[in-house]
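Structure, as structure tokens:
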Amino acid sequence: MHTLEQVMRSRRLLTARPSDRVFDVVSRMTAVNVGAVTVLEGEKLMGVFSERDLMTRVVVAGRDPHTTRLDEVMTTEVVTADLCESRDACLEKMQRAGCRHLPVLANGHVIAMISMRDLLWDEIEEQVEEIRQLRAYVWQTPPA
């Protein structure tokens, strides 16, 4: 089972400030194809802004994304993961919290954002490799 460090490989962290406007942040999210950003004040994690926040707290609420600040609509009760945690522990955290993204911390600083998709792809890759190894073992072993 992999740790987050193994799953993340090389990822670029997209961040925003609490005072940033929703429209600007969503434009940046779209440009790099991510579903959530960490909201930082300096190096301090203040919250997470996700596509779900956009839909429920901006679109459905009828707010103007050009004038609404992130600190008005971001999720502030953030569940995080530690760099040394296992993939399964993170999936369990996400399931309990009902979220699809976790900021990853190392020494108290946000270093990445991991998504449920990242974790599930890693699990699938690991299972495919295990199946390959089992098939090689079965086909190389003479019948008894």
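Taking the number of Cβ atoms within 10 Å of each Cβ as an exposure proxy, the fewest-first ranking of K93, K44 is K44, K93.
Can you tell me the length gained on complete extension of the stretch V79 to A106, counting 0.36 nm per residue apart and subtracting the Cα distance?
Working: separation 27, 0.36 × 27 = 9.72 nm, distance 1.43 nm.
Here the segment from V79 to A106 would lengthen by 8.3 nm.
Could you give the size of the charge dipole of the chain about its Cα centre, using +1 on the Cβ of each K and R and -1 on the Cβ of each D and E, expressed in debye and rounded to the nearest 20? The partial results should precede the final answer.
Working: 18 positive and 22 negative charges, 69 e Å.
In debye, rounded to 20, the chain gives about 340.
Along the Cα-to-Cβ line of R28, 7 Å from the Cα, sits a label point; which residues in region 68-82 have backbone N less than 12 Å from it? Within reach of a label on R28: 70.
For the chain, the longest principal axis of the C-alpha atoms and the axis of helix 87-97 are separated by about 40°.
For L83, the residues whose modelled amide H falls within less than 5 Å of its own, excluding neighbours fewer than 5 places apart on the same chain, are L105. Please determine, in degrees from 0 to 90 and to the nearest 10, the orientation of helix 22-32 with respect to the longest principal axis defined by the Cα atoms of the chain, where the helix direction is its Cα long axis. Taking Cα atoms only, the helix is inclined about 30 degrees.
Computed on the Cα atoms alone, the convex hull of region 4-140 gives a volume of 122 cubic angstrom per residue. What angle, in degrees between 0 and 90 and rounded to the nearest 10, separates the Cα long axis of helix 116-140 from the longest principal axis of the Cα atoms of the chain? Roughly 10 degrees, rounded to the nearest 10.
Where a number appears in this text, it was derived from the coordinates with a stated rule and is not lab data. Note that the coordinates shown come from a computational prediction; the quantities given were computed from them, not determined experimentally. Cβ: placed from backbone, ideal geometry, glycine included. Neighbour counts: every protein chain shown.
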